[in-house]
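The values are calculated or read from the model by the stated rules, or taken from the named source; none is laboratory data. Note that the coordinates shown come from a computational prediction; the quantities given were computed from them, not determined experimentally. Backbone-built Cβ (ideal geometry, glycine too); neighbour counts: all protein chains shown. The accessibility values were calculated without ligands, DNA or RNA, using every heavy atom of the protein model including side chains. Shrake-Rupley method; radii C 1.70, N 1.55, O 1.52, S 1.80 Å.
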Amino acid sequence: MKRRRFAWSGWLVLAVCVAGIVASLMIFASLNAPPDSVALEMAFLAFPIVGAVIVSQRPTNMVGWLFCLAGLGTATTSFSAAYVQFAIVHHLDGQPATGLIDLAGSLVWPANLTLGMLLLYLFPDGRPLSPRWRVVVWALVVNLLFILVGQAVAPGPLETGGLIPNPLGVHALAGASAFLLNYAVWPLPAFVLLAVASLILRYHRAAASQRQRIKWFVFGAAVMVIIVTMGIVSSSLISSDPNDLIATEVGNILFALGILALPIGAGVGVLRYRLYDIDILIKRTLVYGSLTAILAALYFALVIGAQTLTHRLTGQQAQQPVVIVLSTLLIAALFQPLRRRLQRTIDRRFDRSHYDAAKTVAAFSASLRSEVNLQQHNEQLLGVIEETKRPTHASLRLRSTA
């Protein structure tokens with residue numbers, strides 16, 4: 001019964017998050033002022049979805065609750081931004097309810113930053129690495145409370161240049177609020193470094209199964225960083241004008257895709273890490289990610305170089321279709337050789353045991369073509385098994401055909 005109640009709690013949080021985001025989209029639609037990106041709004045729903053699934057399966061694991069709280073905070077921010085804009089348009093910005101809703105949205109960002117650090121401290125089993133690390137976790141929570149209290153009682157507008165004053169602001173506590181905010185913000189970089197160190201130490205001390213979980217989480221975080229960086233770079237390459245809608249939307253879509261990677265990687269790490277071989281996925285990502293980057297750089301270098309060389313020699317621009325066709329044919333010819341070379345390099349650097357085992361098996365397969373002595377075959381086969389699998393004992397029995 002208790003497990004079922006916890007499961008419903010996670011799904012209830014998800015329902016509240018969906019309601020908040022849908023309400024914000026409806027408010028923006030009524031104002032004919034769409035949000036920055038609907039894709040981003042939908043992508044952030046991945047946090048409460050993954051959190052609800054983890055809570056329903058592992059109700060005592062704090063990781064699921066952290067994702068639920070992060071999703072709840074994001075939905076609060078979305079609804080707060082929409083309602084404040086609605087209140088300003090309809091001259092409701094002087095009401096206390098508008099100020100409270102705006103204050104709730106402004107308090108979410110430090111809370112979500114703290115939740116992200118707590119995720120590093122507690123992943124994957126929902127517990128700190130040791131009692132000493134539990135002290136660090138509680139210090140982080142207390143630091144968050146200082147920030148929230150400092151922002152809650154700070155007098156004046158809630159945002160720089162904002163129109164809505166803080167309904168809970170107290171002018172007599174302005175000095176205390178500034179003190180709390182100044183001395184609570186300074187330790188944040190140290191908490192971030194300690195969180196990363198905690199995850200690294202946990203990986204080195206963990207058993208094989210927990211290492212697989214951490215790999216899934218780190219893989220999702222790495223994919224998120226790469227895709228978000230690609231979104232920022234692609235937006236700047238498409239247009240340097242921040243008001244360019246196409247460049248902004250491309251960046252938002254890539255940012256949304258990157259946001260999805262973190263909760264998905266963490267969810268698989270907590271619940272389904274044994275169903276998928278993360279090592280194979282990491283190696284393939286390294287191979288094809290490096291291959292794509294190299295070929296893309298080579299393609300653009302060929303196109304730009306051919307145009308520049310033609311212009312300097314003849315004073316005319318190169319024919320764009322000809323350059324593109326020749327560059328495409330060269331890229332297609334280099335694809336397989338470069339992929340094999342990258343595969344060997346990555347196996348040799350990051351998976352040496354698998355690389356050595358593959359070489360041993362290949363050498364044994366080649367020797368089978370020329371060896372006719374059965375006893376020699378048996379010895380070679382046992383040698384290959386011992387070298388690649390490293391068993392404690394290996395023997396070979398042959399069935400007699402007589």
Go through region 237-254 and count every residue that is at pLDDT below 65 and either in contact with an Asp or Glu (Cβ under 7 Å, 6 or more places away or on another chain) or surrounded by fewer than 17 Cβ atoms within 10 Å (Cβ to Cβ) (or both).
-> 10
Would you say residue 221 is under 17 Å from the mean Cα position of the chain (by Cα), modelled with pLDDT of 85 or more and not aromatic (Phe, Trp, Tyr)?
-> yes
Output the residues belonging to region 290-326 that are closer than 28 Å to residue 227 by Cβ and modelled with pLDDT under 70.
-> 303, 324
Filtering region 167-187 for residues that are in contact with a Ser or Thr (Cβ under 9 Å, 6 or more places away or on another chain) and within 13 Å of residue 104 (Cα to Cα) leaves a count of 1
In this structure, is residue 206 open to solvent by less than 40 Å² (accessible area, probe 1.4 Å) and either at pLDDT below 85 or on the phi > 0 side of the Ramachandran plot (or both)?
-> yes
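Name every residue in region 205-222 that is touching a residue at least 60 places away in the same chain (Cβ under 8 Å) and among the small types (Gly, Ala, Ser), in order of residue number.
First, pick out the residues of region 205-222 that are touching a residue at least 60 places away in the same chain (Cβ under 8 Å): 205, 209-210, 212-217, 219.
Scanning region 205-222 gives a single hit, 209.
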Have a look at 19, 39 and point out the one that is open to solvent by 30 Å² or more (accessible area, probe 1.4 Å), over 20 Å from residue 88 (Cα atoms) and modelled with pLDDT of 85 or more.
-> 19
Only one of (1) open to solvent by less than 50 Å² (accessible area, probe 1.4 Å); (2) in contact with a helix residue (DSSP H, G or I) (Cβ under 9 Å, 6 or more places away or on another chain) does not apply to residue 174, and that is (2)
Residue check, residue 3 surrounded by 15 or more Cβ atoms within 10 Å (Cβ to Cβ) and either modelled with pLDDT under 85 or under 26 Å from residue 266 (Cβ atoms) (or both) | no
Are any residues in region 73-84 closer than 10 Å to residue 112 by Cβ and under 20 Å from the mean Cα position of the chain (by Cα), and if so, which ones?
-> 73, 74
Taking region 108-130 on its own, how many of its residues are in a helix (DSSP H, G or I), open to solvent by less than 40 Å² (accessible area, probe 1.4 Å) and out of contact with any Ser or Thr (no Cβ under 6 Å at 6 or more places or on another chain)?
-> 11
Filtering region 108-135 down to residues that are under 22 Å from residue 25 (Cβ atoms) and hydrophobic (A, V, I, L, M, F, W, C) yields 108, 109
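Yes or no, residue by residue, for (1) of a type in the set (Ser, Thr, Tyr); (2) surrounded by fewer than 16 Cβ atoms within 10 Å (Cβ to Cβ); (3) within 34 Å of the chain's Cα centre (by Cα); (4) at pLDDT 85 or above:
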residue: 144; (1), (2), (3), (4): no, no, yes, yes
residue: 149; (1), (2), (3), (4): no, no, yes, yes
residue: 152; (1), (2), (3), (4): no, no, yes, yes
residue: 156; (1), (2), (3), (4): no, yes, no, no
residue: 159; (1), (2), (3), (4): no, yes, yes, no
residue: 169; (1), (2), (3), (4): no, no, no, no
residue: 183; (1), (2), (3), (4): yes, yes, yes, yes
residue: 186; (1), (2), (3), (4): no, yes, yes, yes
residue: 189; (1), (2), (3), (4): no, yes, yes, yes
